[in-house]
Structure formats: C-alpha cells, structure tokens
Amino acid sequence: MSNSAKIKIKEIFTSIQGEGPYIGEKHLFVRTTRCNLNCCYCDTDFLCDENSKEYNYDEFFEELKSYDANVVSFTGGEPLLEADFLSEFLKRYKNRLNKKIYLETNGTNPEALEKVIDYVDIISTDIKLKSATGQDFSLITFEDFMDVAKKKEVFAKVIFDENIKEEEIQEAAAFAKRYGILLVLQPKMPISENFCPYEIFEKFYAKYKNVRLIAQMHKFLNIR
C-alpha cells in the first residue's frame, strides 16, 4: 500500500474536552488546517503557518500513539476536508491506536462523512443559526449528513447569543427531536452582561427535553 499521501496538521496537543457531553475528559486534539465555512463567532486559529506539519500515514500513527489519551478528537477547521486521508489512515491504524475516534464537524459534507463513518465512534456536529454565524445554513444538507451520522453516537451543538430568533429555536428543536439526538446549547463567548442563556434553555426545553446548556469550560479554566 502506498504511503505517499499526506495530511497537513496545524497542531496536536492533549487537554480536557471543553465542550459538549464529554466535557472534562482528556482528549488528544488533532487540528486540521482548512475550513469550508467562515462563521463570525469562530475563535480558532486553524490556518496553516510555519508551525504546521505534514504527515504520511506511518508518521501520523507514530505521532498519535505517543500521546497518553484514550480519545483522539479530530477538529479544525473542518476535518472532513481531509476525509480521503483520514479514511485510509483509520482503516490501517485505528485498531493499533486503541483510542476512541471523536469527530468534530460542521455537518456540511455528508459525502465525506460516508468515507470515515465506519471508523468514527462519536460525532459532534453543529446546527448553525444565521443569528450566530452570519451565514445561511441549509437544514436540507444537514438532513443528508444526519442520515449518515445516525449510524454512530452523535449529538448537535447550537451556538447562540442574545440575537437568537424564536423560529430558530423552533426549527433546531424540531430537527433534534426528529433524529432523537442530544442537543447541546452553547452560549457564544463572551456572554453579554445582560443576557441570560438559561432563558433560552427553557425555551428549547419546552419544545424538546433532550437538551443541555453547556458553556465552553476550557475558557473558564484558562486552558487550551
């Protein structure tokens, strides 16, 4: 098998998972260098720079196995832009890595997800709101994504702020209910002084019970 394919990685590091239902777990974060969206709330530096590094399959395996963490979290950017490399890499090495595979994705590429779904254990995706992202996001495309993602454990995050609309709450809650998935409400940071995220939680809860309000814990703890 050829080993010439390469992946460009912005950074690899261990920390606690700061978002979603696995908050507080130690994860090995692998940050890719590209994204297909430009959400206005994005606070992540995923762009390629002089510290980014390329790996072939064997080099990537040797790097990841050297870290003491039971979960590898592929994040970005958008890791599914690297689906061709990741599918082959995980096919070859997932069993030898002996780590759970946690995929953080924006949910816009169901075709790419199909390539890696057999090797992923947990999927964290987003329901994008125009009020928070500044972009229109099609739930039709997201339905195609969820039809693939539901084969594995999956939950959806909703990033929101004081500009969230009632129709966005209704639509996101109805979508989560349709697929029976956990909906994680994540306030956009920093939280405005006079904004109460719990009030938004109550509005969601009135429509769908499998919902949690979880802020970005790593920011409170001042860690990566």
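Can residue 89 be described as closer than 14 Å to residue 32 by Cβ and of a type in the set (Phe, Trp, Tyr)? Working first, answer last.
On the way: closer than 14 Å to residue 32 by Cβ: yes; of a type in the set (Phe, Trp, Tyr): yes.
Here the answer is yes, as residue 89 does meet what is asked.
Mind checking which residues of region 146-163 are touching a strand residue (DSSP E or B) at 6+ places or on another chain (Cβ under 6 Å), within 16 Å of residue 214 (Cα to Cα) and open to solvent by less than 10 Å² (accessible area, probe 1.4 Å)?
155, 156, 158
I'm trying to understand the selection: among the residues of region 188-215, which are closer than 28 Å to residue 144 by Cβ and either of a type in the set (Val, Ile, Thr) or open to solvent by less than 50 Å² (accessible area, probe 1.4 Å) (or both)?
Listed by number, the residues that qualify are 200, 204, 208, 211, 214.
Which residues, taken from region 107-145, are among the polar types (S, T, N, Q), in contact (Cβ under 8 Å) with a residue 40 or more places away in the chain, open to solvent by 10 Å² or more (accessible area, probe 1.4 Å) and within 19 Å of residue 184 (Cα to Cα)? Step through it out loud before you land on a result.
Pass one, region 107-145, residues among the polar types (S, T, N, Q): 108-109, 124-125, 131, 133, 135, 138, 141.
The next check asks that each one be in contact (Cβ under 8 Å) with a residue 40 or more places away in the chain; those that pass are 108-109, 124, 133, 135.
In the following step, the residues that additionally are open to solvent by 10 Å² or more (accessible area, probe 1.4 Å) were identified as 108-109, 135.
If the condition is that a residue be among the polar types (S, T, N, Q), in contact (Cβ under 8 Å) with a residue 40 or more places away in the chain, open to solvent by 10 Å² or more (accessible area, probe 1.4 Å) and within 19 Å of residue 184 (Cα to Cα), then 108 is the only one that fits.
The values are calculated or read from the model by the stated rules, or taken from the named source; none is laboratory data. What you are looking at is a predicted structure, and each value in this text was computed from that prediction instead of being measured. Here the Cβ is made from the backbone with ideal geometry for all residues, glycine too, and neighbour counts use every protein chain on show. Note: accessible area is taken over every heavy atom of the protein model, side chains too, but ligands, DNA and RNA are not part of it. Shrake-Rupley method; radii C 1.70, N 1.55, O 1.52, S 1.80 Å.
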